[in-house]
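Comments concern the structure below.
The values are calculated or read from the model by the stated rules, or taken from the named source; none is laboratory data. This is a predicted model, so every value here is computed, not measured. When we count neighbours, we look across all protein chains shown, and the Cβ atoms used for this are built from the backbone with ideal geometry, even at glycine. These area figures cover heavy atoms from the full protein model, side chains too; ligands, DNA and RNA do not enter into them. Shrake-Rupley method; radii C 1.70, N 1.55, O 1.52, S 1.80 Å.
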Amino acid sequence: MRQQAYKMFDASTIPDDLCPIATKPTPMLPGDWRSMRPVVDRAKCVKCAVCWLYCPVQCVVEKSAWFDFNLKTCKGCGICATECPQRAIKMIEEAA
Amino acid sequence: MSAVLAPKPAQAEAKIVVCDGNEAAAWAVSLANVDMVAVYPITPQSSLVEYLAKFIADGRLNAEIVDVEGEHSVLSVLQGACLAGARTYTASCGPGLAFMFEPYMRTPGMRLPLVMTIVTRDTLTPQSVWGGHQDAMSVREVGWGQMYCESVQEVLDTTIMAYKIAEHHDVMLPVNVCHDGNYLSFGAARCELPDQGEVSDFLGERDVNWHVALDPQRPMAVDPLTGGASGVGPSTFVRYRKGQCSGTQNALKVITEVHAEWGRRFGRYHAPLVESYRMDGAEYAIMTIGSMTGAAKDAVDEARARGDKVGLVKVKTYRPFPVEALVSALAGVKAVGVVDRSVSFGWNCGPLFQDTIAALYSAPTRIPAMSFIGGLAGADLTVEHFERVIGRTRELARDGRPAETVWLNEKD
């Protein structure tokens, strides 16, 4: 995680029953709760970058001969699979 | 810390003007040195907004004015401004207040000390642009403080006091100052403008975001998801709700103190919670709220002159509800007639009546009470109406048998 520019605010200085605030960053990422993941058929991928363009969380990463996904940030929405002109992306269930 | 907190030059001003309630509220906002005003016009509040725009254009009030596309944005803008440390103001009513409801609900939970005037208006439908308390009464359980004014001068004084009450660190809650549409919004009266320096001295330095802020020096997530049925569990949510309740109850004491200080500094003592009028030796009482009180006091004077032992109790602070003050004001009466300018649907009575009988449950003796509803949709509540209220309440004091709600303007 990127370093914060400032130290977090010390919430213990104010009563804990006023406005709800959070001063500790939680490291939860979409990959922790995703229910489906995209899988690329490398033989079909032509690197047109349509998936890269459409991905709402910008988790598409470029490899030498195909595009792949950063599964820490991918939320499994499946937009890439729907938009891929080559039908090279499939959504598969995450194992429980 | 930020630009909005820069000190402003005080303008020496202590004079008497003739103005209506909307202008008085705008004067109060100007005297309170508000930093940020967000507005959307709606009848009968519109002229209030125009006065504010003029005061800012004339350089009388050094504030940002944001004319946004609707009331939902009004309150959202002000929440951001408040989180950045600004003293904020808006005014609305009726359908505008309804459109504001989503951020309106969020404001007290975030403990943001906003001040908003409700220029009260009856709610639709039937279609009406006239006064009535139905809009303000409909939002009475959301968590904002509510103070109802009787006169133009009280509008001005209360709006300034509202900042001191809302920003008190034991309270930290938004406050609605309610003044009656038509009667107070457009009724002109003599009004004393306090000196700018003395008002600034009275209000002190604003400190509105010490507990929650949009501030790069104090990074924090504002209003994150708290636990419910899962995750960390409901205790976090309950803790904040209880905290909000404590702040609301603290307001009763703070409102009383602030009104007393206002009286000491400016010579005008307004009853903070409830006002007792000719209650000495009263056998029965009528209760009022808002601008109707003037005519009711006249009716009480006439009845007293005839020898009827009637008094009047006016509720100024409606939220938090002043249970103890009301019970002690009504102690010893044999009956009470409560006049509402709005309706509590589902109870077939007025909301002030409903709150009153709830409060009277803690009275040492059972006091019979009756609900009167009048002044809806701008209808005038006259001395004659209050004579009817007094007469019916006198009967109640005799026989102790309350009847169904009486609708005062049914045949007007």
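Can you find, among B:N176, B:G227, B:G70, the residue sitting farthest towards the positive end of the charge dipole of the protein assembly as shown, where Lys and Arg contribute +1 and Asp and Glu -1 at Cβ?
The listed residue farthest towards the positive side: B:G227.
Quickly estimate the mean residue ellipticity at 222 nm for chain A, helices only: each DSSP H run with n ≥ 4 gives -39500 (n - 2.57), and the total goes over all residues, rounded to 500.
So the helix-based figure for chain A works out to -2000 deg cm²/dmol.
Tell me whether region B:270-338 comes out rounded, prolate or oblate; compute the Cα gyration tensor, take square roots of the eigenvalues as a ≥ b ≥ c, and use a/c under 1.5 as the rounded threshold. Please report the intermediate quantities before stating the final value.
Numbers: a/c = 2.29, a/b = 1.39, b/c = 1.64.
Oblate shape, in that a/c is at least 1.5 and b/c is the bigger or equal ratio.
Below 9 angstrom from the Cβ of B:R206, what's the summed charge of the other residues (Lys, Arg +1; Asp, Glu -1)? Display every interim value, and only then the final one.
Numbers: positive: B:R87; negative: B:D35, B:E167, B:E205, B:D207.
Counting the neighbours of B:R206, the net charge comes to -3.
Taking the Cα of B:A331, stepping 7 Å toward and past its beta carbon, and measuring to each backbone N in region B:262-296: which are under 17 Å?
B:273-285
Excluding A:M91 itself, what net charge comes from residues whose Cβ is under 13 Å from its Cβ, given Lys and Arg +1 and Asp and Glu -1?
Values: positive: A:R34, A:R37, A:K75, A:R87, A:K90; negative: A:D41, A:E83, A:E93, A:E94.
That sum, taken over residues with Cβ under 13 Å, equals +1.
Multiplying the sequence separation of B:F345 and B:F101 by 0.36 nm and subtracting their Cα-Cα distance, what value in nm do you get?
Working it through step by step, the gained length comes to 85.9 nm.
Under 1.5 on a/c is rounded, so check that first for region B:34-181, then, if it is not, pick prolate when a/b is larger than b/c and oblate when it is not; a ≥ b ≥ c are the square roots of the alpha carbon gyration tensor eigenvalues.
Cα axes put region B:34-181 in the rounded bin.
Taking a ≥ b ≥ c as the square roots of the eigenvalues of the Cα gyration tensor of region B:101-227, is the shape rounded (a/c under 1.5), prolate (a/b larger than b/c) or oblate?
On the way: a/c = 3.09, a/b = 1.28, b/c = 2.41.
Because a/c hits 1.5 or more and a/b fails to exceed b/c, region B:101-227 counts as oblate.
Please report, to two decimal places, log10 I(q)/I(0) for region B:246-300 at q = 0.20, 0.21, 0.23, 0.29 Å⁻¹ as given by the Debye formula with identical point scatterers on the Cα atoms and no solvent.
Each listed q corresponds, in turn, to -0.89, -0.93, -0.98, -1.07.
Roughly what % antiparallel, to the nearest 5, for the DSSP beta bridges in the protein assembly as shown?
Once the DSSP bridges in the protein assembly as shown are tallied, antiparallel ones form about 40 percent.
For B:E302 and B:T365 in the same chain, what is the full-extension length gain: residue separation times 0.36 nm, less their Cα-Cα distance, in nm?
Numbers: separation 63, 0.36 × 63 = 22.68 nm, distance 2.86 nm.
The span from B:E302 to B:T365 would gain 19.8 nm if fully extended.
Extension gain B:R241-B:E205, at 0.36 nm per residue separation less the Cα-Cα distance, in nm?
Values: separation 36, 0.36 × 36 = 12.96 nm, distance 2.79 nm.
Gain on stretching B:R241 to B:E205: 10.2 nm.
Give, as a single signed number, the net charge of other residues whose beta carbon lies under 15 Å from the beta carbon of B:L97, with Lys and Arg counted +1 and Asp and Glu -1. All intermediate terms of the calculation are to be shown ahead of the outcome.
Working: positive: B:R106, B:R121, B:R140, B:R319; negative: B:E71, B:E102, B:D122, B:D135, B:E141, B:D180.
Once positives and negatives cancel, what remains is -2.
To the nearest 10 square angstrom, what accessible area does B:S246 show with a 1.4 Å probe?
60 Å²
Using a 10 Å cut-off on Cβ atoms, rank the peptides B:163-171, A:15-23, B:285-293, B:215-223 from the highest mean neighbour count down.
On the way: B:163-171: 21.7, A:15-23: 17.6, B:285-293: 28.6, B:215-223: 14.8.
By packing density, highest mean first, the sequence is B:285-293, B:163-171, A:15-23, B:215-223.
Give me a single rounded figure for B:220-227: the average over its residues of other chain Cβ atoms within 10 Å of their Cβ.
4
Could you tell me the extents of the protein assembly as shown's C-alpha atoms along the three principal axes, largest first, rounded to whole Å?
Principal-axis extents of the protein assembly as shown (Cα, largest first): 102, 55, 44 Å.
Rounded to the nearest 500, what is chain B's calculated 222 nm mean residue ellipticity when only DSSP H runs of at least 4 contribute -39500 (n - 2.57) each, over all residues?
Values: 13 runs with 158 residues, N = 412.
Value at 222 nm, helices only: -12000 deg cm²/dmol.
How are the alpha carbon pair distances in chain B distributed across 20 Å bins from zero to the largest one, expressed in percent?
The percentages, shortest bin first, are 28, 56, 16, 0.
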